[in-house]
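These notes concern the structure reproduced below.
The values are calculated or read from the model by the stated rules, or taken from the named source; none is laboratory data. Everything quoted here is computed from the prediction, not taken from an experiment. Because the Cβ atoms are built from the backbone with ideal geometry, glycine has one as well, and the counts that use them run over all protein chains shown. To get the accessible areas, we keep the full protein, side chains included, count just its heavy atoms, and leave off ligands, DNA and RNA. Shrake-Rupley method; radii C 1.70, N 1.55, O 1.52, S 1.80 Å.
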Amino acid sequence: MKINRTYRFIALIAAVVVYSNFVTFTQKDGGYTTSYPAVVCPANGDGVTSAISLASSKTQIRKGGTSSLTYKSAGSARPQGGAQALIVDAPAITPISWQTRSGVWAGAVTCLAPASSQWFVGGTADVTSKGTLTIVNSGLGKALVGVTVFTEKGMVREQFFNVKANSLTSISLSNLSPGSKSLAIHVVPQTGRVNAFVIDERGKGLKALGGDTVNSTPRALNKIVIPAIPHLVTKKKTALGHTLRILVPGEVSAHINATLTSADGSFAPSGVDGATIAAGKVVEIPLNIIAPTSKFALTITSDRPLVAAVKSATQDGGKSDFIWSTEAPSITAGTYSITGLAPLLVLTGEKIELSLEVTSAKGKKRAIELRGESISTYKFADTVRTVTIKKSNSSVYGALLFSTKSGYGFAPLVMGSALTRTSVPRSNIRVLIP
């Protein structure tokens with residue numbers, strides 16, 4: 001009798017173990033944690049300085065290129081950049097980096113979390129080129145990064161670069177495809193926590209021809225919206241020029257339609273609307289805009305995915321410069337740090353309805369409602385530290401334009417870091433009982 005009870009007890013334990021394993025194996029794991037990955041702001045090249053706009057002096061940052069991976073308070077709402085990238089832990093808040101070569105050029109970059117794909121439409125590799133492609137690996141392991149360059153003659157074979165952990169490497173644009181006039185660059189990390197940044201700087205002998213940072217876009221699309229193209233006119237009433245640079249990756253050409261939109265109305269740009277763009281080659285088309293000083297938006301629709309940007313000539317105090325306006329996604333809720341920049345917000349869309357909240361350096365908050373059609377602008381005061389997009393109707397696109405003594409800048413309204421979910425490991429009896 002005792003023996004039977006013993007066997008029954010053993011059988012019961014065995015049944016419980018088998019059932020526990022079965023339940024653990026088949027049940028869906030519903031536990032997870034959420035977080036915003038840290039974003040990366042670019043390093044400075046030789047002779048270049050930068051300042052990063054943050055929401056608070058208490059924002060946590062760390063420098064790349066050091067053995068320490070510890071974050072600490074920035075100590076300033078606008079810390080200076082350095083020879084290494086700056087990694088910013090600013091959950092749900094996107095910092096903007098302002099880079100300058102004093103008296104020569106300036107440019108803005110939206111600081112982004114590491115990306116699996118980045119397209120840069122801008123830059124040159126001819127005799128005037130002084131530009132660079134910088135690849136930052138903010139991870140703890142070595143990164144292998146593929147770089148494919150497209151030119152006016154076609155695609156250059158993919159090149160691979162090894163980047164050590166928590167470090168960066170800079171490549172001259174003239175070394176990527178020597179002699180090429182028009183570049184589009186695709187950066188695809190194979191391993192590592194990677195961000196890439198492009199500076200398009202040009203000069204002829206001792207004469208500076210200007211420069212700008214080139215913001216990236218993650219993928220080729222069938223619809224491209226470039227929401228803010230500055231159109232400037234000289235004192236002699238001469239309109240400064242614009243050039244559309246466009247690339248259709250792949251092997252099939254694309255038929256495109258285009259619309260330029262300003263406060264005075266919309267029109268189809270000659271030479272662009274209805275054009276057929278050859279595949280695999282970088283194509284440049286002049287945008288002939290005859291109008292007073294204004295801001296334009298360009299919308300391109302295509303039967304094939306493409307990437308595009310507009311290079312606009314600028315002039316200040318007799319100094320020639322240029323700015324690259326790039327594609328921007330439709331606006332979503334989020335916060336942007338603009339400390340010390342006082343940018344002009346440019347919005348485009350068939351119907352614009354946007355609810356904003358601005359926060360000053362003293363912490364005062366103010367609600368702003370923007371309404372309009374086609375295109376709308378709003379100038380932020382220099383006391384504004386952050387701009388929060390509370391609500392927007394669909395299909396509204398936006399960017400920030402900056403103007404300083406050193407030059408002009410452009411930054412698309414794209415969130416630097418998206419909320420990610422990570423599964424929480426759960427105990428499993430199979431670990432103990434194989």
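Numbers at a glance
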{"quantity": "Lys/Arg +1, Asp/Glu -1 at C-beta; the chain dipole; positive extreme among S174, L306, A106", "calculated": "A106"}
{"quantity": "Straight-distance crosslink candidates among lysines, where the alpha carbon sits under 20 Å from K405 and sequence neighbours closer than 8 are dropped", "calculated": "K207, K235, K295, K311, K319, K379"}
{"quantity": "For the stretch 110-255: relative contact order, % (alpha-carbon pairs under 8 angstrom, 6 or more apart)", "calculated": "31 percent"}
{"quantity": "Inverse mean reciprocal Cα-Cα distance (Kirkwood Rh) of the stretch 338-427, Å", "calculated": "14.8 Å"}
{"quantity": "Solvent-accessible area, 1.4 Å probe, carbon plus sulfur percent, for the stretch 270-334", "calculated": "50 percent"}
{"quantity": "3J(HN,Hα) from dihedral phi, the stretch 398-407, Karplus parametrisation 6.51/-1.76/1.60, rounded to Hz, x for glycine, proline", "calculated": "x, 7, 10, 10, 10, 9, 9, 5, 7, x"}
{"quantity": "Heavy-atom surface of the chain, accessible at 1.4 Å and reported per residue (Å²)", "calculated": "48 Å²"}
{"quantity": "Hydrodynamic radius (Kirkwood) for the stretch 205-298, which is based on Cα pairs only, to one decimal in Å", "calculated": "15.2 Å"}
{"quantity": "Angle between the chain longest axis and helix 2-26 axis [Cα atoms, degrees, rounded to 10]", "calculated": "10 degrees"}
{"quantity": "Virtual paramagnetic centre 7 Å along Cα→Cβ of S76, amide N under 13 Å, in the stretch 319-345", "calculated": "340"}
{"quantity": "Whole-Hz ³J(HN,Hα) from phi, Karplus 6.51 cos²θ - 1.76 cosθ + 1.60, for the stretch 141-152, glycine and proline x", "calculated": "x, 5, 10, 10, 10, x, 10, 10, 10, 10, 10, 5"}
{"quantity": "Computed [θ] at 222 nm, deg cm²/dmol, the chain (DSSP H ≥ 4; -39,500 (n - 2.57); rounded to nearest 500)", "calculated": "-2000 deg cm²/dmol"}
{"quantity": "Convex hull of the chain built on C-alpha atoms - directionally averaged projected area, nm²", "calculated": "27.5 nm²"}
{"quantity": "The stretch 114-202 shape via C-alpha gyration tensor axes, a/c threshold 1.5", "calculated": "prolate"}
{"quantity": "Filtered trypsin sites (Lys or Arg not before Pro), the stretch 232-292: DSSP coil and at most 14 other beta carbons within 10 Å", "calculated": "K235, K236, K237"}
{"quantity": "Shape of the stretch 321-373, Cα gyration tensor, a/c cut at 1.5", "calculated": "oblate"}
{"quantity": "Evaluated at q = 0.11, 0.14, 0.21 Å⁻¹: base-10 log I(q)/I(0), Debye formula over Cα of the stretch 42-180", "calculated": "-0.46, -0.73, -1.41"}
